[in-house]
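Notes follow once the structure below has been shown.
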Amino acid sequence: MHHMTLAEIARGLADKKFSSEELTRTLLARIAQLDPQINSFISLTEDLALAQAKAADARRANGESGALLGAPIAHKDLFCTQGIRTSCGSKMLDNFKAPYDATVVSKLAAAGTVTLGKTNMDEFAMGSANESSWYGAVKNPWNLEHVPGGSSGGSAAAVAARLLPAATATDTGGSIRQPAAFTNLTGLKPTYGRVSRWGMIAYASSLDQGGPLARTAEDCALLLQGMAGFDPNDSTSIDEPVPDYSASLNGSLQGLRIGVPKEYFSAGLDPRIADLIHASIKELEKLGAVIKEISLPNMQHAIPAYYVIAPAEASSNLSRFDGVRFGYRCENPKDLEDLYTRSRGEGFGSEVQRRIMVGAYALSAGYYDAYYLKAQKIRRLVKNDFMNAFNEVDVILGPTTPNPAWKLGAKNSDPVAAYLEDVYTITANLAGLPGLSMPAGFVDGLPVGVQLLAPYFQEGRLLNVAHQYQLHTDWHTRTPTGF
């Protein structure tokens, strides 16, 4: 059963080939057996999962139906879950049990999903390798010596290792799409505001967005259907109708205009990945798509702009973790200043401290105009580039990452080298656009992803392109050895 996709599970449950409880027990046993190799979970919720599975079976017995009813998933450990540890991968929140459910959690629970646990992640979602977690690094199931990508590496590794069919994740600068590329999955970052951020512990509020990680575009469509929608509790949530994402999967690609930015194929891109991207382009041309070269001239400025804006917002968001109200508190503080200093110094890891310091510096009175304000102007230029491009094309295609997954620890001494791996993904966050990564092949036995970007609220278009591509290729069906 562990090899079934979310869509196959939905059909199996509907046809009464197995029960949600049987499936849940099978996957919990599999997690207990295999997860020690990859460290993809922070918390398991066996009792909750079995209770939800039995409830889902009862609902089906009473005549209810639904694609997600009885489907097992896991949540990235920054989605608040009532009465369950929500740690954000940090010592700071190791003892925090959320008093409420995030909107994403409550919506998926209402749809009947079964929560198997909370997945490992880079601390406060800061990282590109899932090595900054207080609970230890996550390993890539395709090669246990390599990273799975971050910050949603736990969700990605768990799905890739067939411990469960799908999981929630978040994307601030590529943290859904990059792990999807590194682990041979399909990952979708929706339009900013499409999925509620209420109860999703913030890293950078104007960039964060929740989304699905699964093996196929079809599965991502099912999970996004349950996650998306307006939320009055979230001031950044967009009151826009949610279409039936599954209904658009089978549309023809005939005449679809795909833009390929010339800036994507620079010296920093591994030529073997470039070859796979060109092969993907040829496959889509066979399906009727029309390819056009375009330009995103301000792409070169995106990384420095992002690494000013995101740390600035992080320094503000993380100021609430002070050792007073909740979370980690140092022992025997001698005064209030000592309480603040040691609680934050001991509770936050080095990557989080680095970004807080950068952000506080960028927002300081003497440097606000020189750094933060200029970065916001660049952000607008990046958005304008996309708006101009989408006047000419329907979708933009390129690599998800410039390189395959690197070895564990290889970039720990050079944070900037890790930051540069986000070069193709962060522009979508700066502009608020939807983006998707799908499997496109392998380099040295490690998966490679191709990225698709679309105009605002065109997630259905991305899922349609990815689904049609996956009907004619088999990269997404490959399974890592031993799992």
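General remarks:
- Checked against a 28 Å cut-off, the cross-linked pairs LYS189/LYS262; LYS292/LYS374; LYS54/LYS76; LYS286/LYS411; LYS107/LYS139 give Cα-Cα distances beyond that limit for LYS292/LYS374; LYS286/LYS411; LYS107/LYS139.
- The Cα center of segment 134-163 and the Cα center of segment 423-451 differ in position by 17 Å.
- Ordering of 148-161, 188-201, 80-93 by packing is 148-161, 188-201, 80-93, highest average first (other Cβ atoms within 10 Å, averaged per residue).
- Take every DSSP beta bridge whose two residues both sit in the chain; close to 70 percent of them are antiparallel.
- For ILE294, the amide hydrogen comes within under 5 Å of the amide hydrogens of VAL260, LYS262, counting only partners 5 or more places away or on other chains and with H modelled in the peptide plane.
- Segment 83-183 shape via C-alpha gyration tensor axes, a/c threshold 1.5: oblate
- Cβ crowding within 10 Å averaged over residues, with 121-130, 445-454, 52-61 ranked highest first: 121-130, 445-454, 52-61
- Each of the peptides 344-351, 108-115 was scored by the mean count of other Cβ atoms within 10 Å over its residues; in descending order, highest first, they stand as 108-115, 344-351.
- Annotation: aspartates and glutamates with alpha-carbon distance below 15 angstrom to LYS91 (same-chain offsets under eight excluded): ASP77, ASP122, GLU123, GLU131, ASP322, GLU331, GLU346, GLU351.
- Base-10 log of normalised Debye intensity for the chain (one unit scatterer per alpha-carbon) at q = 0.11, 0.13 Å⁻¹: -0.83, -1.18
- Here the Karplus curve 6.51 cos²θ - 1.76 cosθ + 1.60, taken at θ = phi - 60°, turns the phi angles of segment 11-23 into couplings of 5, x, 5, 5, 8, 6, 6, 7, 9, 4, 5, 4, 5 Hz, with x standing for Gly and Pro.
- Where the chain is the region considered: accessible area per residue in Å², 1.4 Å probe: 36
- The simple Förster model, with R0 at 60 Å and r as the Cβ-Cβ distance, assigns ASN391 and ASP338 a FRET efficiency of 0.55.
- In the calculated pair-distance distribution of segment 279-357, the portion above 22 angstrom amounts to 53 percent of the Cα-Cα pairs.
- Using R0 = 56 Å, the C-beta based FRET efficiency linking ARG11 and VAL290 works out to 0.95.
- Sequentially through segment 296-303, phi angles give Karplus couplings (6.51, -1.76, 1.60; θ = phi - 60°) of 10, x, 9, 4, 4, 8, 5, 4 Hz, Gly and Pro residues having no value and appearing as x.
- For segment 405-483, the equivalent ellipsoid derived from the alpha-carbon gyration tensor has semi-axes of 25, 22, 8 Å in decreasing order.
- Directionally averaged projected area (segment 202-344, Cα convex hull): 13.9 nm².
- Taking a ≥ b ≥ c as the square roots of the eigenvalues of the Cα gyration tensor, segment 7-157 is classed as prolate, since a/c reaches at least 1.5 and a/b is larger than b/c.
- Other-chain or far-sequence residues with amide H under 5 Å of ILE84's (modelled H): ALA98
- In sequence order, calculated HN-Hα J values of segment 191-202 (Karplus, 6.51, -1.76, 1.60; Hz; x Gly/Pro): 3, 4, x, 6, 10, 4, 9, 5, x, 9, 4, 7
- Residues in segment 203-217 that a label on LEU381 would reach, taking backbone N under 11 Å of a point 7 Å out along Cα→Cβ: none
- For segment 295-438, the share of accessible area belonging to carbon and sulfur comes to 53 percent (1.4 Å probe, ligands and nucleic acids excluded).
- Prolate/oblate/rounded call for segment 1-79, Cα gyration tensor, a/c under 1.5 rounded: prolate
The values are calculated or read from the model by the stated rules, or taken from the named source; none is laboratory data. Quick caveat: nothing in here was measured; it's all calculated off a predicted structure. Cβ atoms come from the backbone with ideal geometry, glycine included; neighbour counts cover every protein chain shown. Keep in mind that these areas ignore ligands, DNA and RNA; they rest on the heavy atoms of the full protein, side chains included. Shrake-Rupley method; radii C 1.70, N 1.55, O 1.52, S 1.80 Å.
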